[in-house]
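The values are calculated or read from the model by the stated rules, or taken from the named source; none is laboratory data. The structure presented is a predicted model; accordingly, all values stated were derived computationally and were not measured. Note: ideal-geometry Cβ built from the backbone for every residue, glycine included; neighbour counts use all protein chains shown. Calculation scope for accessible area: heavy atoms of the full protein, side chains included, ligands and nucleic acids excluded. Shrake-Rupley method; radii C 1.70, N 1.55, O 1.52, S 1.80 Å.
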Amino acid sequence: MLTTEDLYTIEELAKEKRRMLELGMGPLGDNLFKVLRTLGIQLIQIPFSNEENESDNPLAALYLSSKEEDGYSICYIGLNTTDYWDKQIFALAHELYHHFESSDPFVLCRGLDHSSDIRELKANRFAAEFLLPTEKLIHEIKEKNRGNHDLKGWSTNALLRLIAEVHCDYRLPFKAIVRRLLEAGAISKATLENLLKIDARDPEGIYYTLGANINLKTFQQLNSRTNLFGVEGENLGKLIENYEEGKVSLSELSDDLSLFGKSLDDYKLMEKADSEDDDLALLFEEEED
Amino acid sequence: MKVNVTDQNPALVSLIHNFAQQIPLDANFFIPFDRSNTVKGSMAITFSAFKKYWLDPLFVTFPYLSIHASVFNELVSGESKKYAENRRDQGNLIVMDDSEFDTNKEVYRKSVEKVIAAHTAYEPELDNADDRGEVKSLAYIATKPLNFFASHDSRALRLLESPIKEKIGLASVGAIEIYELLYYLRRMEMVEPDKVNGLKMMYKYLYCLTKKEKENNPQWGDFYQLMDNLYKSEIIKSTGKPTPYSPYN
């Protein structure tokens, strides 16, 4: 369990980083990707699943940093894209904590939900705070509750509608929002336990129906697995720069791009043979020994 | 790849003077050239053509071709590996192994390997696969010491052609490229007449396949002439020549 001091420190850290990055206090959502770019963190997306047992997925995300001899450091976040989109966003914010606090050059994070490691608990708390600052959450509750931040007495249906709105706006997963409501003192522990029993991903379930009616496109996206593979275009641009500067050859660039499911053709770098292969036909013929 | 027909390569001159020198080869010498992933409309060379027009003439010509053990282990393509294994078993291919060195030499080799690796993606402590073969080959060559490294389109070539080669223990190591060996094989008449066209095709495939390459590199006939301008005088005065192909030998 985190101490009151831990919680205070993390809240202040999240505020400080939001200030430093000029993010204000509003929803971050997909802008988190822009934050990574601003911080110079290279994002690698990997669809990585344990085919035998999906619930025992060995990876949610990982953080890796490498300090070069000249003091220049390169930081990476590897993100498992077989997770739902909202969990991916949460995992990215979680890894940001490791980026900010960790002197450890390598941090591997498995499932983020059940970790009891104190550092992981802190990273989870930071992720929740960074994506949805406490004071902003309380503001959202008061807006819906005539200035009162105590939601006791609200029906489950009304609570779920509020959670779904926050879910769509702040891109925080359902369970994380429910926990945040408890932390903000808006709901009781019993209510939290009841809410956590709901299967929020069930397309036929009450929560999904309510969420889909708030913002269908966003809600569906948050509940989908992207399975993306590769790195962002900006990072691949660095590979191309290496080729243009003569650091790697075209065939090496082609090999590097193929690691990310891309080809030279995607960047209009493929050259074209200037004559028919008939001139070279003998090179392509199979011969019996 | 750019063909240099304006400056003599001291490594090739040395080879012309004495063909019976040890020539360490990179893995890409054994793997059929394939430009299909970089040039639209091109195909990979088949192993049978690669063997006939490239590997076999190379082995007929040079008695001390060699390959570092780590490069040998990187040959995963069945046909390339089998070919290299056969050549090794027949005594035509030397496998260079770091275990040959005594303690002092091994200390030196390791230090050179570390310095070379700093300019590549290979990390000796991790022993990762990236650039391992090239780094280990170059470290072996510098320790032995040998005169050449023959490679194609790799980081090793760029290292040997860069100014830092002096600083990383490779000052006396020369790079030999495929076009230089194609010229040598043709000039020394090391292929049967019906395979001469194969050398030309190999040259065209590697250096004159695209419009841009045709603008930058000479066609085979001009290439041969320009290389002759650079090396013929060395060839004439050389006494150490391989035995040319003859229907009677």
Kindly indicate whether B:ALA118 is of a type in the set (Gly, Ala, Ser), over 20 Å from A:GLU287 (Cα atoms), open to solvent by 10 Å² or more (accessible area, probe 1.4 Å) and in contact with a Phe, Trp or Tyr (Cβ under 7 Å, 6 or more places away or on another chain). no
For the range A:270-284, check the following and say yes or no: at least one residue is open to solvent by 50 Å² or more (accessible area, probe 1.4 Å) and closer than 24 Å to A:TYR76 by Cα. no
Tally the residues that are open to solvent by less than 50 Å² (accessible area, probe 1.4 Å) and either among the small types (Gly, Ala, Ser) or within 14 Å of chain A (Cβ to nearest Cβ) (or both), restricting the search to the range B:53-86. 11
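Matching residues to (1) within 14 Å of another protein chain (Cβ to nearest Cβ); (2) at pLDDT 85 or above; (3) out of contact with any His (no Cβ under 6 Å at 6 or more places or on another chain):
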{"residue": "A:ALA200", "(1), (2), (3)": "no, yes, yes"}
{"residue": "A:GLY205", "(1), (2), (3)": "no, yes, yes"}
{"residue": "A:ASN215", "(1), (2), (3)": "no, yes, yes"}
{"residue": "A:PHE219", "(1), (2), (3)": "no, yes, yes"}
{"residue": "A:LEU222", "(1), (2), (3)": "no, yes, yes"}
{"residue": "A:ASN235", "(1), (2), (3)": "no, no, yes"}
{"residue": "A:GLY246", "(1), (2), (3)": "yes, no, yes"}
{"residue": "A:LEU283", "(1), (2), (3)": "yes, yes, yes"}
Quick test of your reading of the structure: A:ARG225 fulfils all but one of (1) surrounded by 21 or more Cβ atoms within 10 Å (Cβ to Cβ); (2) of a type in the set (Lys, Arg); (3) touching a strand residue (DSSP E or B) at 6+ places or on another chain (Cβ under 7 Å). Name the failing condition by number. (1)
The conditions are (1) without any contact (Cβ under 8 Å) to a residue 40 or more places away in the chain; (2) not in a helix (DSSP H, G or I); (3) not basic (Lys, Arg), and A:LEU159 fails exactly one of them. Which is it? (2)
Among B:TYR183, B:TYR203, the single one that is away from every other protein chain (no Cβ under 12 Å), modelled with pLDDT of 95 or more and either part of a helix (DSSP H, G or I) or open to solvent by less than 60 Å² (accessible area, probe 1.4 Å) (or both) is B:TYR183
Out of (1) under 25 Å from B:ALA69 (Cα atoms); (2) within 14 Å of chain A (Cβ to nearest Cβ); (3) touching a residue at least 60 places away in the same chain (Cβ under 8 Å); (4) surrounded by 22 or more Cβ atoms within 10 Å (Cβ to Cβ), what's the single condition that is false for B:LEU159? (3)
Kindly list the number of the only condition in (1) under 20 Å from B:SER151 (Cα atoms); (2) open to solvent by 10 Å² or more (accessible area, probe 1.4 Å) that fails for B:MET227. (2)
